[in-house]
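I have placed the structure first, in the form of structure tokens, so that the comments after it can refer back to it.
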């Protein structure tokens, strides 16, 4: 049993995240990738994800065993502010935290040699790790966000209403069957765990997750900002986590925004300059340049200079997003 001890101030400072944390979804997606659990929900996604893992994504598996401990530094609190903010926090992990958490992980799994360089503060290794996390989110998580939203949003709306009308005590059993409340203690029934966490007025952040599939998750280090990541029940009428093909254009627009999706599709028609892109997409050259920059920075488009002009080309990641990661 994992027991979380509340004080009066903790109740006032407990919050519900309105959407999944991108780095928690990356970590939990890596866990799902290494099991065969929940085939009705994750089977198709898992099969496709396994077949499309890049080298930097494969390296992440060493840090994310599906059972047991995963390092806390992979899921910083800043991830709740967005992927790039979270990745910046990962990159800024203090050396002492890196060393202690990787040492703890090495007690249960055999780590590759590069993790020793990571623990020693090798900036190149950290840059590669961050690139892997970004790539996994971009290619394995982000294309599924429209479907994930249809599961998370109504659940969180219900949770907000419960707290507003009936209080936190009524919410706890709704979140997961392993959770129970006996004031002032929240208990999480987890196998092979017997721990106490005292919040001491910090409150706790409740974070919904699609890829959390068995038990709620918490950080190991009690000094870190407290968080409880809980599984959102999947609608049995939508067993497969795939982007629905009939709504592919809408899904891409939901992911990127309508204008940026139109810019991406315009580039898919063939390499073009910024001026040509503006004409194809029906927007101003300045707007075309900004959208192309964002698509390039997120890895969907390749931009290179030819003389005084630039050329924008769709790359494989962008093509996968447009095709729904078939």
Inset, instruction - Check residue 178 against each of (1) within 30 Å of residue 256 (Cβ to Cβ); (2) in contact (Cβ under 8 Å) with a residue 24 or more places away in the chain and name the one condition it does not meet. - result: (1)
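Conditions (1) free of Cβ contacts under 8 Å to residues at least 24 places away in the same chain; (2) over 30 Å from residue 16 (Cα atoms); (3) in contact with a helix residue (DSSP H, G or I) (Cβ under 8 Å, 6 or more places away or on another chain), marked per residue:
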position	(1), (2), (3)
81	yes, no, no
85	yes, no, yes
103	yes, yes, yes
117	yes, yes, yes
Inset, instruction - May I ask you to list the residues in the range 1-20 that are out of contact with any strand residue (DSSP E or B) (no Cβ under 8 Å at 6 or more places or on another chain) and either within 19 Å of residue 79 (Cβ to Cβ) or not in a loop (DSSP other than H, G, I, E, B) (or both)? - result: 8, 9, 10, 11, 12, 13, 18
Legend entry - Condition check for residue 118: closer than 20 Å to residue 24 by Cβ, in the same structural domain as residue 71 (by TED's automatic domain parsing), in a helix (DSSP H, G or I) and at pLDDT 95 or above: no
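Regarding the range 21-29, can at least one residue be identified that is part of a helix (DSSP H, G or I), at pLDDT 95 or above and surrounded by fewer than 22 Cβ atoms within 10 Å (Cβ to Cβ)?
No, there is no match, as no residue in the range 21-29 is part of a helix (DSSP H, G or I), at pLDDT 95 or above and surrounded by fewer than 22 Cβ atoms within 10 Å (Cβ to Cβ).
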Inset, instruction - Could you pull out the residue among 168, 175, 105, 197 that is surrounded by 16 or more Cβ atoms within 10 Å (Cβ to Cβ), touching a strand residue (DSSP E or B) at 6+ places or on another chain (Cβ under 7 Å) and farther than 25 Å from residue 82 by Cα? - result: 197
Legend entry - Residues (more than 24 Å from residue 31 (Cα to Cα), touching a helix residue (DSSP H, G or I) at 6+ places or on another chain (Cβ under 9 Å) and either in the same structural domain as residue 31 (by TED's automatic domain parsing) or not in a helix (DSSP H, G or I) (or both)) located in the range 168-214: 180, 181, 183, 184, 186, 199, 200, 201, 202, 203
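Scan the range 292-300 and tell me whether some residue there is over 30 Å from residue 203 (Cα atoms), assigned to a helix (DSSP H, G or I), modelled with pLDDT under 90 and outside the structural domain of residue 203 (by TED's automatic domain parsing).
yes
The values are calculated or read from the model by the stated rules, or taken from the named source; none is laboratory data. Treat the numbers as computed from the prediction; the structure is a model and nothing was measured. Neighbour counts run over all protein chains shown; Cβ positions are idealised from the backbone, glycine included.
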